[in-house]
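Please treat every number below as a calculation from the coordinates, not as lab data. What you see is a predicted model, and the numbers here were worked out from it, not measured in a lab. Please note: Cβ atoms are built from the backbone with ideal geometry, for glycine as well, and neighbour counts cover all protein chains shown.
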Amino acid sequence: MAKRQFEREDSPYTRRQKRSENGNDVSVQVPPKEIHSWKDLQQLLAFDQQGGAQARQNIQDFKNFLDATAYSDDAGVKASNRSLLQEYLGQQRLQASNGLADLVRSWSFAAQSNDERLFSAIAAVLALFLKTTSFHLEFREHGNQLCRNLLEEDSSRLFERGLSASRAKEHVISPCLRLLTEVVAYDGGAAAKLVWHRRDVAFHRLETLLMTRKERFDNQKQSSRKPSVRDNALRYLFANLKLQNSMAKAGILTLAHGKLARAIFQGLGEDSPAILNELLSVFKKYIIADADLPRNVKRGVFRDETLARIAALYHYEEELDPTEPQLSGLRPYANILEEQLILAVFKAAPDALVDYFKMKNPSLLSQN
């Protein structure tokens, strides 16, 4: 896993809001809270109806703690933080407050009080908790309990709240999508079945979110370094296609009367190379190669318009980024994933072969 730099003392995340004498909010620099015991974590994460700037600062301090736990260059810091976190979670279990119940309660309160900043921050830190603990067996039970808590009837509606935000509120939508991705992927997909059971909220407006991109200028493609709502929606979809059973995958691909499947392939030429390669790989391995997935579902996904969009990748030209590994244009003779996907489609649906070549080179039809 790639390492990240920690938040420094001059980071905007270390700012705390204070009330001045005239009642206005002013920003002042404060150092991140040091966490030395499980009681420090308990204090940070305890439910507080006051909310506001202090609650957001507490969440940011917990995020800093998790960042250090996952990405510190100091193995001692990682081990010490994991020990503190495990002790805190153990104490919560003794108090019958499993699965970060206080934090989930705070998330609900943020939704009820229309505090979007707190709502987004909690969703993001819950996703980071699952991502951080997913590599360590000692947290397995706690992580699975959190996933179950989040997918309970009342809590799951919070996802619907986030996914229902207007397209302009990417800061609200994207953390919810990342959290859902971590939930479905945790412990090898232990909660995947429950995610599908809650599909009315877990896949709410997904077909719309798949068509939500950042504004671009001069035909600039999506940047892989700054994920858009579509990028996050696709990665959530990929996690489900990898981990759900064939029946659930068939259901996902036919959601919204097939609109979701069509939205996946719209505007492929505007996606980043990383997203395109993952898309081609996932659909080849987990859709085309899935022998238990009904043939009519596969044919419904790879309809004529989908094949046309895949064929259009022949003209895909990537703007080279000197900070990233160079990747050739996605053309069948140059990119093995696209070639393999097209061949796999033909094998699963031979009748698509003629349509593909009609769209690929219409001039062939006029040659007798």
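What does a probe at residue 91 reach in the stretch 39-66, counting residues whose amide N is under 12 Å from the point 7 Å along Cα→Cβ?
Backbone N within reach: 39-46.
Does the stretch 175-300 come out rounded, prolate or oblate, given a ≥ b ≥ c as the square roots of the eigenvalues of its C-alpha gyration tensor, rounded meaning a/c under 1.5 and, failing that, prolate meaning a/b above b/c?
On the way: a/c = 1.70, a/b = 1.39, b/c = 1.23.
Prolate is the answer for the stretch 175-300, as a/c is 1.5 or above and a/b outweighs b/c.
Among 209, 124, 181, pick out the residue whose Cα is farthest towards the positive end of the charge dipole of the stretch 124-210, where Lys and Arg carry +1 and Asp and Glu carry -1 on C-beta, about the Cα centre.
Going by the charge dipole, the pick is 209.
Read phi for every residue in the stretch 76-83 and hand back ³J(HN,Hα) as whole Hz from Karplus 6.51 cos²θ - 1.76 cosθ + 1.60, θ = phi - 60°, with x for Gly and Pro.
x, 5, 4, 5, 4, 5, 4, 5
Sort out for me the Cα centre separation of the stretch 165-192 from the stretch 235-310, rounded to whole Å.
18
Where nothing but the Cβ of Lys and Arg (+1) and of Asp and Glu (-1) is charged, how large is the charge dipole of the stretch 137-207 around its Cα centre, in debye to the nearest 20? List each step's numbers first, then the result.
Values: 11 positive and 11 negative charges, 54 e Å.
Using only the charged Cβ atoms, the result is roughly 260 debye.
How large is ³J(HN,Hα) for each residue in the stretch 195-208, as worked out from phi by the Karplus curve 6.51 cos²θ - 1.76 cosθ + 1.60 (θ = phi - 60°), to whole Hz, x for Gly and Pro?
For the stretch 195-208, the Karplus curve yields 4, 5, 4, 9, 4, 5, 10, 5, 10, 4, 6, 4, 5, 6 Hz.
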